[in-house]
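J.: Attaching a single structure in structure tokens format; questions to follow.
Just so it is clear, none of the values below were taken in a lab; they were calculated from the coordinates. Note that the structure is predicted; figures quoted are calculated from it, not measured. Note that we place each Cβ from the backbone using ideal geometry, even for glycine, and neighbour counts take in every protein chain shown.
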Amino acid sequence: MDSLIRNDILRYREVPIVWPGLIKDSKIVQHDENIEIIFLLEHHYYDWIEDFGAQREKMFLSPRGEGLFAASWFMNKDVNLPEIKKATAIGNLAIVYGMPERVEDNVIFIKSSYVRSIDAQRYRMDIFDYGRRGEPMKFLKVPK
């Protein structure tokens, strides 16, 4: 997935992607006409299942992933800035929708069309260990 794109970015520049990543860094830049949030994220495998059982966490990501990627998200100036800072805090999960744009220093930059932020309390990475298609899934812990 990511390694294919890293090695042949021109081939994948028009391919829509949706990638989950832990926010490693985020910066809010206020422009004259809008607000830009610049993210550095660490990709993690995700089975795209949201579990609405009794537990607090709803998403169970793998501790494995494909490396770093970056994205920007533009918003109107009238957003609630304290809420945006909370949503984009380091450690939260972001689901980035967009298209690969370029690779710099082995980081894939995504031209994003939407970013969904998930609070760090809503996901876990210590239950399942899985990776690329065809690799076996392992239980790290039995969920309580």
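J.: What are the ³J(HN,Hα) values, in whole Hz, obtained from phi via the Karplus relation 6.51 cos²θ - 1.76 cosθ + 1.60 with θ = phi - 60°, for each residue of region 59-71 in sequence order, with x given for Gly and Pro?
T.: These are the phi-based 3J(HN,Hα) values: 10, 10, 8, 7, x, 8, x, 10, x, 8, 9, 10, 7 Hz.
J.: List, in order, the whole-Hz ³J(HN,Hα) value for each residue of region 12-17 obtained from phi through the Karplus relation with A = 6.51, B = -1.76, C = 1.60 and θ = phi - 60°; use x for Gly and Pro.
T.: Per residue, the Karplus-derived 3J(HN,Hα) values read 10, 5, 10, 9, x, 10 Hz.
J.: Once amide H atoms are built 1.01 Å from N in the peptide plane, which residues 5 or more positions from G65, or in another chain, come under 5 Å H to H?
T.: HN-HN under 5 Å from G65: Y45.
J.: Rounded to the nearest 500, what is the chain's calculated 222 nm mean residue ellipticity when only DSSP H runs of at least 4 contribute -39500 (n - 2.57) each, over all residues? Before the final figure, lay out the partial values.
T.: Values: 3 runs with 17 residues, N = 144.
Estimated from H runs of four or more residues: -2500 deg cm²/dmol.
J.: For the chain, the longest stretch holding no chymotrypsin sites (Phe, Trp or Tyr not before Pro) located in a DSSP loop with at most 11 other Cβ atoms within 10 Å is which? Working shown, then result.
T.: Working: sites that count: W48, F52.
Segment 53-144 is the longest.
J.: What are the ³J(HN,Hα) couplings of region 116-124, residue after residue, when phi is run through the Karplus curve with 6.51, -1.76, 1.60 and θ = phi - 60°? Round to Hz, x for glycine and proline.
T.: 9, 9, 10, 4, 4, 6, 9, 9, 9
J.: Mind checking the dipole of the chain: about its Cα centre, +1 per Lys or Arg Cβ, -1 per Asp or Glu Cβ, Debye to the nearest 20? Kindly include the intermediate steps, with their values, before the conclusion.
T.: Numbers: 21 positive and 22 negative charges, 89 e Å.
In debye, rounded to 20, the chain gives about 420.
J.: Exactly which trypsin sites (Lys or Arg not before Pro) in region 60-101 are in a DSSP loop and have at most 16 other Cβ atoms within 10 Å?
T.: On the way: sites: R64, K77, K85, K86; in loops: R64, K77.
Loop-located and lightly packed - R64, K77.
J.: Still on this structure, I have one more. Rounded to two decimals, what ratio of Rg to Rh does region 2-137 give with C-alpha atoms and a Kirkwood Rh?
T.: When Rh is taken as the Kirkwood radius, the ratio is 0.98.
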